[in-house]
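Below is one structure; the comments refer to it alone.
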Amino acid sequence: MSLSRGKAGVDRLDAHLERGADGNGRNRQIVVSSQTGDVATVAPMTPSDEKPKESLVARKQRRLRQELALTALELFREQGYDKTTVEEIVARVEVSMSSFYRFFPSKSDLILELQHIGSRDLVRVIAGRPPEETLVEALAAAIAQQKDELQQDLVALRHFQELLNENVELRGRLLAEQYGLRDAMAEVVAPRLGADPGDLRCQVVALAILSTTHLALDLWSTDNGGQPVEYIRSIYRILEPMLIP
């Protein structure tokens, strides 16, 4: 895949890549349902409550979820997804089966935890951008957030993508999530396109945006060089004519 810079829209995208979560110094709180993908009302956040302190219990639960997911990825790489059982995962982490099922209804649900950039997070980031921003600018801000997350563990990310390519069930889970969030994404892009969420263009743009990260990471994982975020930027540049009202 070529990463040569395109002519149209590159300056608009790149000009916003280094900005923070809010170009005007504000953050907004967006709640996206993990079951339906619905986006709740946007509530401006004050500096004092932007980052509420995480409780000890919540921190332990988050770390356990991550440990279960990463351990599962290790076992999937060692012996394959189909041959790995939940019993083997919990045995290596040294927790009970009930602890596993408290976080994950099934083994395939681990795939959603293993996503470095979740589709729900992408909906939340775009919805939380200042309303005066164009969709191109909002997506550029999302790329800036993705950059740091994607760089954390490139080896694990590549193995994760290889796992997706090898397993039909896991690809199906990701595809189902993208379609499940299409209406939620259409709701947040519609005002920036000056259209109704049910408009065909909004629906097409919404699904295209949701698919972009996964396509980019798939191309990156089978290539021999470059950084994941560069692939994401390249695809967004291709999409840009669709993103301008």
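The values are calculated or read from the model by the stated rules, or taken from the named source; none is laboratory data. All values derive from a computational prediction rather than experimental measurement. Positions of Cβ are backbone-derived with ideal geometry, glycine not excepted, and every protein chain shown enters the neighbour counts.
Before moving on, here are some points about what is shown:
- Any hit, segment 190-200, residues being at pLDDT below 90 and touching a Ser or Thr at 6+ places or on another chain (Cβ under 9 Å): no
- Scanning segment 223-237 for residues that are among the polar types (S, T, N, Q) and buried (at least 19 other Cβ atoms within 10 Å of the Cβ) yields a count of 1.
- Residue match in segment 163-184 (condition: in a loop (DSSP other than H, G, I, E, B), within 30 Å of residue 82 (Cα to Cα) and more than 16 Å from the chain's Cα centre (by Cα)): yes
- Every test in (1) at pLDDT below 90; (2) assigned to a helix (DSSP H, G or I) is passed by residue 152 save one, and that test is (2).
- Test: residue in segment 134-141 that is charged (D, E, K, R), over 19 Å from residue 233 (Cα atoms) and out of contact with any Phe, Trp or Tyr (no Cβ under 8 Å at 6 or more places or on another chain): no
- Out of 131, 105, one residue alone is out of contact with any Leu (no Cβ under 8 Å at 6 or more places or on another chain), in the same structural domain as residue 182 (by TED's automatic domain parsing) and assigned to a loop (DSSP other than H, G, I, E, B). It is 131.
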